[in-house]
Structures are given as C-alpha cells and as structure tokens.
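The next block holds one structure in the form of structure tokens; read it before the comments.
Just so you know, all these numbers are worked out from the coordinates, no wet-lab data involved. Note that the structure is a prediction, hence the values are computed from the model and not measured. Don't worry about glycine lacking a Cβ; one is built from the backbone with ideal geometry, like all the others, and counts go over all protein chains shown.
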Amino acid sequence: MGWSAGAMMQCSQYYISPDKDYPEFIYEKGLRCIDNFAVEVHYKNTDSQNKSIEKYIRENGKMVYTTQQQSAIIVDGDNLSLLGNAKVYQI
C-alpha cells in the first residue's frame with residue numbers, strides 16, 4: 001500500500017489518531033483507491049490509537065487494519081493479504 005501517510009491516503013477517507021504531533025482525532029479525504037477499510041499505521045496498542053480505531057469503526061462501519069514495523073497490506077483487486085504484524089482490529 002505505501003508507507004505511513006501513503007498507506008492512509010489511499011483510503012477514501014482516513015483518520016489521524018491523536019499523538020504528540022496531532023492533538024486531536026481528525027478525518028481527512030483520501031485518494032479513493034480503497035473504499036472498504038482504513039489503516040492505523042505505527043500501531044502500538046495505545047489507548048489513543050484504540051479509541052480512535054473504535055470511533056472510526058462505530059462512525060463508518062468499516063474495518064481497520066493495523067500495521068507495525070515489518071508489516072504490510074497488499075491489495076490486488078478484490079484480494080487482500082496481510083504480511084508480518086498487520087492485523088484486523090477486533091472490537
């Protein structure tokens with residue numbers, strides 16, 4: 001998909017979880033390459049990340065995949081492969 005922001009931007013709509021660089025949860029419009037899920041990059045299982053993921057799922061009804069170092073999401077048409085530490089977030 002791409003690295004960090006590049007992965008997030010490929011989604012129709014993406015969100016940014018609050019951290020030291022972004023003080024609040026925000027939605028942004030993406031490139032619309034991917035419509036049926038969002039990505040939480042640099043996932044470290046923090047309270048802020050988990051709350052943001054759950055907010056996105058509740059408000060949009062779409063899945064969120066998490067990625068850590070040494071992980072990847074490959075989308076090829078209707079096929080999706082998770083590599084390394086990439087996972088579907090489960091509520």
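Before moving on, here are some points about what is shown:
- Chymotrypsin sites (Phe, Trp or Tyr not before Pro) restricted to DSSP loop in the stretch 18-77 with at most 10 other C-beta within 10 Å: none
- The local environment of Glu54, defined by Cβ-Cβ distances under 13 Å, has a net charge of +1 under the rule Lys, Arg +1 and Asp, Glu -1.
- Sequence-distant contacts, meaning Cα pairs under 8 Å at least 6 residues apart, place the relative contact order of the chain at 23 percent.
- Förster radius 25 Å - calculated FRET efficiency between Lys51 and Ser12 (Cβ-Cβ, nearest 0.05): 0.70
- Beta bridges per DSSP, both residues in the chain: antiparallel share near 70 percent.
- Sites counted here are trypsin sites (Lys or Arg not before Pro) in a DSSP loop (not H, G, I, E or B) having no more than 16 other Cβ atoms within 10 Å; the longest part of the chain that contains none of them is 63-91.
- Computed extension length for Lys87-Gln70: 4.9 nm, one decimal, from 0.36 nm per residue of separation with the Cα-Cα distance subtracted.
- If you run the Gaussian network model on the chain, springs between alpha carbon atoms under 10 Å, then out of Gly30, Gly61, Gly77 the most flexible one is Gly77.
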